[in-house]
Amino acid sequence: MNVMKTTITSLAMGAAAWTMGAADARAEWPERPITVVVMYPAGGGTDTVIRTIANEMAKSTGWKINVINKPGAVGGVATSYVLGKKDDGYTWMGAANYNKFVRVMGHSKSQAWKDWQYMQAANSRASWAVRPDSKFKTFADIIAAAKANPGKITISTSGQGGLWPGRPLA
């Protein structure tokens, strides 16, 4: 068994154990599809990773796992949606990072340290990307251009409160 399959199977079993109380534990769980709610729009890095993990979990366990997107408010929309669902193990959050900022920003009343059971399945390094034909070849090129042309360099981020707030570069 390869490492990826072992990891996915372990994650699936761990998730099932976390989401079921002793009284609910039964051999036939899950009895219906599991929904994973991604806090960002379809097609981005978080969505792609979550869909890959869900697909591998479904293949290795035989479970039906649906992935939906509830973007907005840097994860606040998805957080509130998941918290509003019955705590029965059938609705999971697919997040990019620990969502402590959501409460501080007023998007959710969630107390992450009390309301969530975290399980990290993947991680990525922060990065910047430009088109292959960009005039920017290094990060220093971007900073220099931003300093020379205040307000003219455009970037995209997950939004205010996210890991990369949309602040000016220089």
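Data table
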{"read-out": "Gly76, sole failed condition from (1) surrounded by fewer than 17 Cβ atoms within 10 Å (Cβ to Cβ); (2) within 14 Å of the chain's Cα centre (by Cα)", "value": "(1)"}
{"read-out": "Any helices (runs of 4 or more DSSP H) falling wholly within the range 91-161 and containing at least 2 residues that are at pLDDT below 85", "value": "100-104, 112-115"}
{"read-out": "Identity of the residue in the range 67-87, modelled with pLDDT of 90 or more and among the charged types (D, E, K, R), that ends up farthest from Asp115 (Cα to Cα)", "value": "Lys70"}
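The values are calculated or read from the model by the stated rules, or taken from the named source; none is laboratory data. Source: prediction; values computed, not measured. A quick note on method: Cβ atoms are made from the backbone with ideal geometry, for glycine too, and the neighbour counts reach across all protein chains shown.
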